[in-house]
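Coordinate-derived values only; no laboratory data. The shown structure was predicted, so the numbers you read here are calculated from the model rather than taken from an experiment. Backbone-built Cβ (ideal geometry, glycine too); neighbour counts: all protein chains shown.
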Amino acid sequence: MDLLNRISELEGECLKAIAVATTAEALQEVDLKYLSKKGLFSECMKSLRDVSSEDRPKVGARANEAKTRIDAALTAKRNAFADEALNAQLQSEAIDATLPALRRPPGSTHLITKVMGELVRIFQRLGFEIADGPEVETEFHNFDALNMLDDHPARDMQDTFFVGGVDGKTAKATNQTGVVLRTHTSPVQIRTMLAKKEPPVRILAPGAVFRSDYDVTHSPMFHQLEGLYVNKKVSFAELKGCLLFFAREYFGPNTQIRMRPSFFPFVEPGAEIDVSCVMCSGKGCRVCKETGWLEILGGGMVHPSVFKAAGMDSRLVQGFAFGMGIERIAMLKYGVPDLRLLFENDPRFLKQFGI
Ligand code: PHE
């Protein structure tokens, strides 16, 4: 019965080796060492033929039993290793879905956009509708049709960005159509009248304008809001009433306005319109340079030459127009001390006005 002992011995060794194996590879080695064709078990079973035929079934059964146990132990351990490996992988690939996401701070409306909206809403209550035109404009719409003749100083290279670098006079001399970055929103007056042909016209044109001017108080790109009202009968008093309504809605009910005679080639009569200082209510301070007044608007009655260029008969229609600079109004309303703040796009500045 030596063989029975040998089987028990091998079984014990093998089960122990399985128990102490710490890796799948070590387990594989145990498998090879004991169970493979040339393994210790097969080796031992060769002696079965020396066992008497009477004892052989018993020894055979014992050998099978030992093998079954070893198989079970191997499988159990293999599964344990596989589970471990899977768990490790899951752990290393795990995503913690409970971590808060990185926050992108929300954007906000630029102060110029905000002020434009505020101004537009006031005039919309008087029946004005939005109109627009291109920022790259022909000299016809930007100058000629607005009664700004060839020798008008605003047509000089110093103020106007000529697209393609051709100034007005050279363009004419060489029979080209001059193209400019619009220097004001007034060309939208011309485009609107040419398109509409008949009164009434009651439009607002907000947008960017460009002048070759750059210092602490001037930016080469800034914004204007243009207004135009054309009807069969329109008076200067209506212009005044319209602007007084606007000034009081925007700067407060006690705001005063005054109109001073002024000159723009496309209006007659023309005026510069001041509002009482929003800082000192007219008493005189640094912002209004002790005058009590702030100049914020230009306006007047549409010039007959403008009607003519825009295809309307000045004997049958009348109109008023006005234009204002948005940056200046924004700075006054929100106490912005430096024009450059509006263009530097520093979020610490911008976020104060966002909606
Ligand atoms: N376009 C003029 C400017 O840019 C403003 C203006 C508009 C004046 C309409 C009178 C009438 O200064």
Requested in this report: Excluding residues fewer than 8 places away in the same chain, name every one of the lysines whose C-alpha is closer than 23 Å to that of Lys308.
Outcome: Lys169, Lys172, Lys196, Lys197, Lys232, Lys233
Query - Cα Rg, Dmax (largest Cα-Cα span) when computed across the stretch 49-145, Å - result: 43.3, 128
Query raised in the report: So if we plug the beta-carbon distance of Asp55 and Glu13 into 1/(1 + (r/R0)^6) with R0 = 35 Å, what FRET efficiency do we get, rounded to 0.05?
Result: 0.95
Requested in this report: Give the angle, between 0 and 90 degrees and rounded to the nearest 10, that separates the Cα long axis of helix 236-251 from the longest principal axis of the Cα atoms of the chain.
Outcome: 40 degrees
Query raised in the report: Are there cysteines in the chain with no other Cys C-beta under 4.7 Å, and if so, which?
Result: Cys14, Cys44, Cys242
**Report entry** Total charge dipole magnitude, the chain, about the Cα centre, Cβ charges on Lys, Arg, Asp, Glu only, Debye to nearest 20
**Finding:** 940 debye
**Report entry** Residue order, fewest to most surrounding Cβ atoms within 10 angstrom, among Cys288, Cys242
**Finding:** Cys242, Cys288
Requested in this report: Within the stretch 1-33, list the trypsin sites (Lys or Arg not before Pro) lying in a DSSP loop whose Cβ has at most 12 other Cβ atoms in a 10 Å radius.
Outcome: none
Report summary line: Per the C-alpha gyration tensor (a ≥ b ≥ c, the square roots of its eigenvalues), the stretch 228-316 is rounded if a/c is under 1.5, else prolate if a/b beats b/c, else oblate; here it's prolate
Requested in this report: Choose one answer from Ile203, Ile130, Ile70: the residue with the largest mean-square fluctuation in a GNM of the chain with alpha-carbon springs under 10 Å.
Outcome: Ile70
Report task. Restricting things to alpha carbons, find the Rg to Rh ratio for the stretch 175-327 using the Kirkwood radius for Rh. Result -> 1.00
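Hey, with R₀ at 51 Å, roughly what FRET efficiency would Thr98 and Ala26 work out to, going by the Cβ-Cβ distance, to 0.05? Can you show the working numbers first?
Working: r = 38 Å, r/R0 = 0.75.
Computed FRET efficiency for Thr98 and Ala26: 0.85.
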**Report entry** Unit charges at the beta carbon, dipole of the chain: most positive-side option, Phe266, Gln91, Thr183
**Finding:** Phe266
Report task. Write down the radius of gyration of the stretch 22-82 and its Dmax, each obtained from C-alpha positions, in Å. Result -> 13.8, 43
Query raised in the report: Using the eigenvalues of the Cα gyration tensor, what equivalent ellipsoid semi-axes result for the stretch 260-355 when each is taken as the square root of five times the eigenvalue, whole Å, largest first?
Result: 34, 19, 9
Report task. Taking the chain as the reference, fit the longest principal axis to its C-alpha atoms, fit the long axis of helix 24-35 to the helix C-alpha atoms, and give the angle between the two in degrees, 0 to 90, nearest 10. Result -> 20 degrees
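Of all chymotrypsin sites (Phe, Trp or Tyr not before Pro) in the stretch 171-225, which ones are in loop regions per DSSP and have a Cβ with at most 16 other Cβ atoms within 10 Å?
Tyr214
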Query raised in the report: Just how far, in whole angstrom, is the stretch 17-31 from the stretch 110-124 if you go by their alpha carbon centroids?
Result: 79 Å
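Residue separation times 0.36 nm, minus the C-alpha to C-alpha distance between Asp213 and Glu238: what's the value? Don't skip to the end; give the middle numbers.
Values: separation 25, 0.36 × 25 = 9.00 nm, distance 3.38 nm.
Fully extending the segment from Asp213 to Glu238 adds 5.6 nm.
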Requested in this report: For the stretch 253-268, take each phi angle, set θ = phi - 60°, evaluate the Karplus expression 6.51 cos²θ - 1.76 cosθ + 1.60, and give the result in whole Hz per residue in order, putting x for glycine and proline.
Outcome: x, 9, 5, 10, 10, 9, 10, 10, x, 8, 10, 10, x, 9, 9, 7
**Report entry** Selection from Ala21, Tyr334, Leu350 lying farthest towards where the dipole of the chain points positive, charges on Cβ
**Finding:** Tyr334
Query raised in the report: In vacuo Debye scattering of the chain, one point per C-alpha: log10 I(q)/I(0) at q = 0.13, 0.14, 0.15 Å⁻¹?
Result: -1.02, -1.14, -1.26
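Quick one: if the Förster radius is 41 Å, what FRET efficiency do Val136 and Lys283 give, using the C-beta to C-beta distance and rounding to 0.05? Could you put the intermediate results ahead of the total?
Numbers: r = 45 Å, r/R0 = 1.09.
FRET efficiency, Val136 to Lys283: 0.35.
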Report task. For each of Ile296, Ile329, count neighbouring Cβ atoms within 10 Å of the residue's Cβ, then give the residues from fewest to most. Result -> Ile296, Ile329
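Using Cα pairs closer than 8 Å and at least 6 residues apart in sequence, work out the relative contact order for the stretch 234-355, in percent. All intermediate terms of the calculation are to be shown ahead of the outcome.
Values: 169 pairs, mean separation 24.4, N = 122.
The normalised contact order for the stretch 234-355 reaches 20 percent.
Can you pull out the trypsin sites (Lys or Arg not before Pro) in the stretch 239-324 that DSSP calls coil and that have at most 13 other Cβ atoms within 10 Å?
Details: sites: Lys240, Arg248, Arg258, Lys283, Arg286, Lys289, Lys308, Arg315; in loops: Lys283, Arg286, Lys289, Arg315.
Those that pass, being in a loop and sparsely packed, are Lys283, Arg286, Lys289, Arg315.
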Query raised in the report: Amide H to amide H, which residues 5 or more places from Glu137 or on other chains are under 5 Å from it, using H placed in the peptide plane?
Result: Val180, Leu181, Arg182
